[in-house]
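Trainee: Below you'll find the structure I mean.
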Amino acid sequence: MTWWLFGALTFGVWGLFVAFASERRAVKQKDPVQDQVGVTVFKPLKGLVPGLRENLEAFCGQTHPTLQIILGAEDSTDPALEVARAVQRAHPERNILVLAGTPRSALNPKVSNLLHFERFARHPFVLISDADVRPHPEYVSNMLRVMKDPTVGLVHSPLICRADDSDASLLESLHFNTWVNLAVIGCGRLVDQPIVVGKSMLLRRTALQDIGGLQAFADVLAEDYLIGQTLASTGWRVRDAGEGVAVHMEGRRLAQFRERISRWAQMRFRINPFAYLCEVLLNPSIWCLITLIAGLLKQEGWMVIGVAGLLVKWHVERRLFSRWCGMELSLSDVPMLLVKDLAVTIAWLRGPFVSQVNWSGNRRRVTWGSRLKTVEKPKSAAVRVAR
């Protein structure tokens, strides 16, 4: 019965996170003074992300007037750069800089790009935004207004993930719109522990300088999370923007979904093993399945409880999905919620026992604190024979 009581506790904790994650915060009224503050947008690029042109155009359509946009890729031949240049030509009214080729200065490839961008940044605020983010026109202004409080050093956005008809895109969207947002928003609002996902984060540059700048996070996997935690530990406030930003998940592959949840699991375990173990409290499905299996083996009453628990969880997650996406999850897609939960649980179980990640073609070994080490390529057979 211990597992049954633990399952009930899990539902209670999960319900608290749902309540806080569902809370809406009003967007602040327009502030003409704050709108004159300059913001530099960093958009690291890699490959032709589906909808890339539309994603970049969305930043050109921002209502915030003082905006510098820096687009760049590590590889000078990356096809994403042609899209970036086309956007630059189409919007001469915008201050857009395209950087082709980045000297490798960090084991974290994203931070390596950002360090190169930083040399060209002109404004006191930096907005780091991934290539698959497609914001509405008031996005920059609304995030900047949260920064009106001079004690706020970082503002991050919950993610509204859009999917196409593929299973992989749907799984990614379900994962972000339910489990990830529950953790990110719930921890920030319920226990005042910032969990920052770096797809959308606005930084005060003076605050970033106080913690050693981006260079201090050059060789870690979880640079976004650690930036948030380090800022909070040094007295700066970390806030969520109170509204989500759209992330387009079209064209994803199942391998990408598996790699992401595996990479994040390894990262979380090596940052805080205790918190990692407590994550089971945010996934009631596993306890519902145990109850269901126990019912099949022993008492039918337990089977009913297990099925009822799954139905309740899926109903709430459908509501969460609708709350974030503004669209209903069809009944035919509901079984994918269980697939998502099982995939996340498997990645969670494997996390402590694997330590290598493949991130955008870069193989790294993850050590404690999410610090990265290079993985040596195996020597060819010809070299081994010669030796």
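Trainee: Could you list all residues from segment 263-288 that are over 20 Å from PHE176 (Cβ atoms) and outside any helix (DSSP H, G or I)?
Mentor: ASN272
Trainee: Within segment 195-217, is there a residue that is at pLDDT below 90 and over 26 Å from HIS136 (Cβ atoms)?
Mentor: No, that holds for no residue.
Trainee: Within segment 84-93, is even one residue within 14 Å of PRO44 (Cα to Cα) and crowded, with 16+ Cβ neighbours inside 10 Å?
Mentor: The answer is yes, given that some residue of segment 84-93 is within 14 Å of PRO44 (Cα to Cα) and crowded, with 16+ Cβ neighbours inside 10 Å.
Trainee: Do we have any residue at all in segment 147-167 that's over 21 Å from GLU118 (Cα atoms), among the β-branched types (Val, Ile, Thr) and touching a strand residue (DSSP E or B) at 6+ places or on another chain (Cβ under 7 Å)?
Mentor: yes
Trainee: From the list VAL316, VAL354, VAL344, VAL247, pick out the single residue that is surrounded by 16 or more Cβ atoms within 10 Å (Cβ to Cβ), in contact (Cβ under 8 Å) with a residue 12 or more places away in the chain and touching a strand residue (DSSP E or B) at 6+ places or on another chain (Cβ under 9 Å).
Mentor: None of the others qualify; the one that does is VAL247.
Trainee: Let me ask you something else. Checking ARG260 against (1) of a type in the set (D, E, K, R); (2) touching an Asp or Glu at 6+ places or on another chain (Cβ under 8 Å); (3) crowded, with 21+ Cβ neighbours inside 10 Å; (4) not in a loop (DSSP other than H, G, I, E, B): exactly one of these is not met. Which one?
Mentor: Every condition holds for ARG260 apart from (3).
Trainee: Are there helices (runs of 4 or more DSSP H) fully within segment 118-213 with at least 2 residues that are basic (Lys, Arg) and within 22 Å of GLY235 (Cα to Cα)? List them.
Mentor: Once the helices (runs of 4 or more DSSP H) in segment 118-213 are filtered for at least 2 residues that are basic (Lys, Arg) and within 22 Å of GLY235 (Cα to Cα), nothing remains.
Trainee: Run down LEU182, LEU202 and say which single residue is under 25 Å from TRP314 (Cα atoms) and either assigned by TED's automatic domain parsing to the domain that holds ALA106 or crowded, with 20+ Cβ neighbours inside 10 Å (or both).
Mentor: Going through LEU182, LEU202 in turn, the sole match is LEU182.
Trainee: Let me ask you something else. If only one of ALA343, ALA294 is within 30 Å of GLY15 (Cα to Cα), at pLDDT below 80 and in the same structural domain as THR10 (by TED's automatic domain parsing), which one is it?
Mentor: After ruling out the rest, the residue left standing is ALA294.
Trainee: Going residue by residue through segment 289-307, is there one that turns out to be within 17 Å of GLU172 (Cα to Cα) and either in contact with a Leu (Cβ under 7 Å, 6 or more places away or on another chain) or part of a loop (DSSP other than H, G, I, E, B) (or both)?
Mentor: No, because not a single residue in segment 289-307 is within 17 Å of GLU172 (Cα to Cα) and either in contact with a Leu (Cβ under 7 Å, 6 or more places away or on another chain) or part of a loop (DSSP other than H, G, I, E, B) (or both).
Trainee: Further question: Would you check if SER360 is farther than 21 Å from LEU289 by Cα, modelled with pLDDT under 90, under 20 Å from the mean Cα position of the chain (by Cα) and not aromatic (Phe, Trp, Tyr)?
Mentor: The answer is yes for SER360.
Trainee: Return the residues of segment 227-252 that are of a type in the set (A, V, I, L, M), within 15 Å of the chain's Cα centre (by Cα) and assigned to a strand (DSSP E or B); say none if nothing qualifies.
Mentor: Matches in segment 227-252: VAL245, ALA246, VAL247.
Trainee: Among the residues of segment 46-69 satisfying the criterion of being in a helix (DSSP H, G or I) and of a type outside the set (S, T, N, Q), which is nearest to ARG94 (Cα to Cα)?
Mentor: Ranking the candidates gives CYS60 first.
The values are calculated or read from the model by the stated rules, or taken from the named source; none is laboratory data. Keep in mind that what you see is a predicted model, and the values were worked out from it rather than measured. Reconstructed Cβ throughout: ideal geometry from the backbone, glycine too, with neighbour counts over all protein chains shown.
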